[in-house]
Amino acid sequence: MKRMVDVLHPNPRTMATWVPTAYRTHTLGEIQQRGSELLDQEVTVSGFMEANRGKGAICFVDLRDGTGTTQVFLKKDNIGEDELDMVQRMTRESTLQFTGIVSQKRPPKVKEGEPVPPPAYEVIASSVHVIARAEAPLPLGVTDTVHVALDTRLDNRFLDLRRTHVNAMFHLRGKILQYGREALIQEGFFETHTPKIVATATEGGTDLFPMMYFDTPAFLNQSPQLYKQLCMSGGLERVFEVGPAFRAEKHDTYRHLNEFISFDIECSWANDEDVMGVLERMIHHMWKSVAEDAESQAYIHAINDYRATQGEEPIEVIVPELPFPRLSYCDAIETIQRKGGTIEWGDDIDAENSDLLAEDLPQFYFLPRWPMDLKPFYIHHVEGEDGSTGRQLSRGFDLNFGRDELTSGGQREHRMDVLIENLKAMDLNPEEFEFYVAGFRHGVPPHAGWGLGVERILMKLTGAKNVRETVLFPRDRRRVSP
Ligand code: AMO
């Protein structure tokens, strides 16, 4: 079956400058895009063999590389009997290299009134080289649209990635990170890295992966939190980091991983509202760029073409308006209670109750001003008490998309004495945090920041139902390989 994506949405990646390599003079996408210029020229192309057709004196090969697919036409007179026979017996997904002449394909017959497709090009091969023969049978179909269970896909991820819509997911992942970086750099942030091997918990004591660091017990870091704050003490003012975070949580849900990528910022001389502004502008830039960039659109189309084969609605990239709605924690609790949900002031808002909020707020919305008790020790109090309840509110916020939390953040406690009180109040030993507390001893700017789960935001962009879809090789409770 000819996939719609190649016909309707030529891959604009080929608009990039491709330098010939040892194994190809041109990409397959380039043959389609620049076919009229390349007519009658000799090219060398390489790719995976999706299918071969034809017996006797001729054979047609559908060849796919990372930029598209092209038909290669083999004739006994041009290529010789042995080569032709070898290609006819070749297994699907083998990697082949062909040299040949670019030619225009005979246009397909179209019924009256139907649109005439743009000209397509093929390569008439004069030589073939088998790079690597694929074993048969394949554990997973690459071009068919039969539903495959996620576990089977993840067990055979290298093949799953060859499927056009899955391949598109990971290109989009790269794009989203690129757009995020662009937006932050535009606002004066710069990228940095903090250690992933650490001596103490960051986000709470229990969800840690222990390890031995030579003779000393250590952990994989749960988030860059404490170190990005030390950057503020160091006068770096505006930093961001895109890096792995490890959580030994025993959740087994569609939105939890044990290793995820956290997109973090930290910003000096700023409060919670300031960094909520940074976040919504960044997300706006991400969504707008996906909606406007032809390359990103091609990936969205590839995903939608697959969704159509599964009877699923196409995903639509709706650029959100600024500012995003803000629903304070107190108002959220009232809303949930009014809608019949079971919740008390001071409870966390679980996914079921978030569904009630999502009825009115189906896309991005902030939940600012959480109770201090629900936020970590590094979050800043709101001065004074909440009048209606007499309870202590914080400058911590979440960003949700419908039912799912995408980001937590807030203004940080920069007063050392209060910070030490917070640690004690949360049953943590300030001495174990000495490396962190020391950063507050010699002057520190007020600061704020957030951490965004990259897989969660990608899940929202691509309509994926499971966060594992957005990770090359997910790490969850049951999976540590491949
Ligand atoms: P938090 O723990 O809420 O905050 O994490 C921030 C965001 O990271 C994502 N996330 C996860 N994604 C997949 N699997 C998980 N197990 C998982 N846990 C978290 C979520 C979440 O909103 N230091 C603070 C951030 C800050 O205040 O700057 C923190 O880590 O999208």
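The values are calculated or read from the model by the stated rules, or taken from the named source; none is laboratory data. Computed from a prediction, not measured in an experiment: that's the story for all the values here. Counting neighbours? That spans all protein chains shown, and the Cβs are built from the backbone with ideal geometry, glycine included.
Laid out as a table, the results:
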{"read-out": "Residues within segment 99-140 that are part of a loop (DSSP other than H, G, I, E, B) and either outside the structural domain of Val87 (by TED's automatic domain parsing) or over 18 Å from Gln41 (Cα atoms) (or both), tallied", "value": "20"}
{"read-out": "Output for segment 186-212, where each listed residue is within 26 Å of Leu236 (Cβ to Cβ) and not in a loop (DSSP other than H, G, I, E, B)", "value": "Gln186, Phe190, Glu191, Ile197, Val198"}
{"read-out": "Members of segment 324-357 found to be in a helix (DSSP H, G or I) and among the hydrophobic types (A, V, I, L, M, F, W, C), listed by number", "value": "Cys330, Ala332, Ile333, Ile336, Ala351, Leu356, Leu357"}
{"read-out": "Hits in segment 247-279 (condition: within 18 Å of the chain's Cα centre (by Cα), more than 7 Å from the ligand (Cβ to nearest atom), farther than 16 Å from Lys228 by Cα and among the hydrophobic types (A, V, I, L, M, F, W, C))", "value": "Leu279"}
{"read-out": "Test: residue in segment 420-430 that is more than 12 Å from the ligand (Cβ to nearest atom) and under 20 Å from Phe364 (Cα atoms)", "value": "no"}
{"read-out": "Some residue of segment 141-159 being of a type outside the set (Ser, Thr, Tyr), in a helix (DSSP H, G or I) and within 27 Å of Met86 (Cα to Cα)", "value": "yes"}
{"read-out": "Neighbours by Cβ (under 7 Å, 6+ apart or cross-chain): first from segment 250-263, closer than 24 Å to Thr194 by Cβ; second among the acidic types (Asp, Glu) and more than 7 Å from the ligand (Cβ to nearest atom)", "value": "Leu257/Asp476; Asn258/Asp476"}
{"read-out": "Segment 390-412 residues that are assigned by TED's automatic domain parsing to the domain that holds Met459, paired with ones that are near the ligand (Cβ under 9 Å from one of its atoms) and in a loop (DSSP other than H, G, I, E, B) (beta carbon under 7 Å, 6 or more apart)", "value": "Ser394/Lys375; Gly396/Lys375; Asp404/Arg255; Gly410/Lys375; Arg412/Tyr378"}
{"read-out": "Options Ala291, Ala298, Ala308; residue that is assigned by TED's automatic domain parsing to the domain that holds Asp398, more than 16 Å from the ligand (Cβ to nearest atom), at pLDDT below 95 and of a type in the set (A, V, I, L, M)", "value": "Ala298"}
{"read-out": "From Glu249, Glu259, residue being at pLDDT below 95, assigned by TED's automatic domain parsing to the domain that holds Val198 and of a type in the set (Asp, Glu)", "value": "Glu249"}
